[in-house]
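Peer 1: Handing you this structure, nothing more for now.
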Amino acid sequence: MKVDRKQHWETVYNTKNPNEVSWTQEKPATSLNFIRSINLDKNAEIIDVGGGDSKLVDFLLDEGYTNITVLDISKKALEKAQIRLGEKASKVTWIVSDITQFQPKTTYDLWHDRATFHFLTTAEEIAHYTEITNKYVSKYLFIGTFSTKGPKKCSGLEISQYNENKLSSVFNRFKKLNCKTEDHQTPFNTIQNFQFCSFEKE
């Protein structure tokens, strides 16, 4: 039986707090370190795909970035982030969309995705995602997925595991900059191994 992906994530964000979901990070250090390393202009177009109520947007605002978009399939997740940010939320573009149905209206200097891409498990979904990035990412792509040593499911859903070579093959229109694996400690003290890769548009 095919899962209604949107309904699944709305239920998750309606029923669970940040300390009850595995992906929560108090500080997204790996993402921030990469963004700092590429010296983006403060007015660069940045999108956080599947950003939900992640705190990456908080840190980016604090560092002076002015063109931030957060996309998530869950309206409730984005509402939680907006409430947390208060008045600062008005400085962010919020988009409710399944990434496989997203139709960008602009190009992005940085496309950031920690833990959305690995939920795409069919060839058709993966091809659609790469078509979007090929067309609408002008400079940098940062992807974080579960590694081949990581979980095979998340939030009850099947995922696709990746290693450095597999991610590089999928995003072959981009030049690989750096890849690393990293253990993420969940709020309930379990470990998930992630594969991170950063790319630059050829």
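Here, each number is a calculation from the coordinates, and none is a lab measurement. Please read all numbers here as calculations on a predicted model, not as lab measurements. Every residue, glycine among them, receives a Cβ derived from its backbone with ideal geometry; neighbour counts consider all protein chains shown.
Peer 1: So what is the calculated 222 nm ellipticity per residue for the chain, using -39500 (n - 2.57) for each DSSP H run with n of 4 or more, over all residues, to the nearest 500 deg cm²/dmol?
Peer 2: Details: 6 runs with 59 residues, N = 202.
Computed mean residue ellipticity for the chain: -8500 deg cm²/dmol.
Peer 1: Cα-Cα over 29 Å: which of 55/152; 16/176; 27/180; 88/152? Write down the numbers at each step before the final one.
Peer 2: Working: 55/152 25 Å; 16/176 36 Å; 27/180 18 Å; 88/152 36 Å.
Listed pairs above 29 Å: 16/176; 88/152.
Peer 1: May I ask which residue of 141, 50, 71 lies farthest towards the positive end of the charge dipole of the chain, with charges of +1 (Lys, Arg) and -1 (Asp, Glu) on Cβ and the Cα centre as origin?
Peer 2: 141
Peer 1: Let me ask something additional. Any aspartates and glutamates with Cα under 17 Å of the residue 139 Cα? List them, leaving off those in the same chain fewer than 8 positions away.
Peer 2: Result set, ordered by chain and number: 41, 45, 48, 109, 113, 131, 200, 202.
Peer 1: Two decimals is fine: what's Rg over Rh for region 28-201, C-alpha atoms, Kirkwood radius as Rh? Please report the intermediate quantities before stating the final value.
Peer 2: Details: Rg = 15.2 Å, Rh = 16.3 Å.
For region 28-201, the value is 0.93.
Peer 1: Take the chain, connect every pair of alpha-carbon atoms lying under 10 Å apart with a spring to form a Gaussian network, then pick out the residue of 76, 153, 16 with the largest mean-square fluctuation.
Peer 2: Of 76, 153, 16, the most mobile in the Gaussian network model is 16.
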